[in-house]
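Heads up, the thing below is written out as structure tokens.
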Amino acid sequence: MITRFEELEAWQIARELTKRIYFAVSESKLQKDFRFRDQICTASLSIGSNIAEGFERASKKEFVHFLMIAKGSCAEVRSQLYSAFDVGYFSEDKFKSLMEYAERVGQIIGALRVSVLKRIKS
């Protein structure tokens, strides 16, 4: 039985994605594009934050709601990764690595959402 959000795999990998985004940004020209940098970093932070907030809410329905917000933030990060790659901020290898990880995060959040929904229905 999971009792803390820190135990959730979805939160753990969201945390790792945020770290990877921050390191990638700090190693690229993106660090000087302040608006873009802040946007992608904020979106990545939002993923884990929403998982944590939803977990701590009083109901499974609220948790599902916050998981959907987290999944949306993950999609926002993926969209921004395309833009960062398109303008030359990330190499193809860096882009693919970050994109694959972001897709994995989204899949795990989606699976967690399905699991919570099943518990609501039973």
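Values computed for the structure shown
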read-out: Residue in region 110-122 that is more than 25 Å from Phe5 (Cβ to Cβ) and either among the aromatic types (Phe, Trp, Tyr) or buried (at least 17 other Cβ atoms within 10 Å of the Cβ) (or both) present; value: no
read-out: Members of region 79-118 found to be charged (D, E, K, R), more than 14 Å from Val25 (Cα to Cα) and touching a residue at least 12 places away in the same chain (Cβ under 8 Å), listed by number; value: Glu103, Arg104, Arg113
read-out: Residue within region 37-55 that is farther than 16 Å from Ala111 by Cβ and touching a residue at least 60 places away in the same chain (Cβ under 8 Å) present; value: no
read-out: Filter pass, Lys61 being among the basic types (Lys, Arg), within 23 Å of Leu117 (Cα to Cα) and at pLDDT 95 or above; value: yes
read-out: Matching residues, region 7-26, being farther than 11 Å from Ser44 by Cα and of a type in the set (S, T, N, Q); value: Gln12, Ser26
read-out: All positions within region 49-68 that are over 19 Å from Glu6 (Cβ atoms) and in a helix (DSSP H, G or I); value: Lys61, Val64, His65, Met68
read-out: Region 1-17, residues that are under 15 Å from the mean Cα position of the chain (by Cα) and open to solvent by 20 Å² or more (accessible area, probe 1.4 Å); value: Phe5, Glu6, Glu9, Trp11, Gln12, Arg15, Glu16
read-out: Test: residue in region 55-66 that is within 13 Å of Ala10 (Cβ to Cβ) and of a type in the set (Gly, Ala, Ser); value: no
read-out: Residue satisfying condition, being part of a helix (DSSP H, G or I) and open to solvent by 20 Å² or more (accessible area, probe 1.4 Å), within set Ser97, Ser44; value: Ser97
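The values are calculated or read from the model by the stated rules, or taken from the named source; none is laboratory data. Since the structure is predicted, the reported quantities are computational estimates derived from the model, not experimental observations. We place every Cβ from the backbone using ideal geometry, glycine too, and count neighbours over all the protein chains shown. All accessible areas refer to the heavy atoms of the entire protein, side chains included, with ligands and DNA or RNA removed. Shrake-Rupley method; radii C 1.70, N 1.55, O 1.52, S 1.80 Å.
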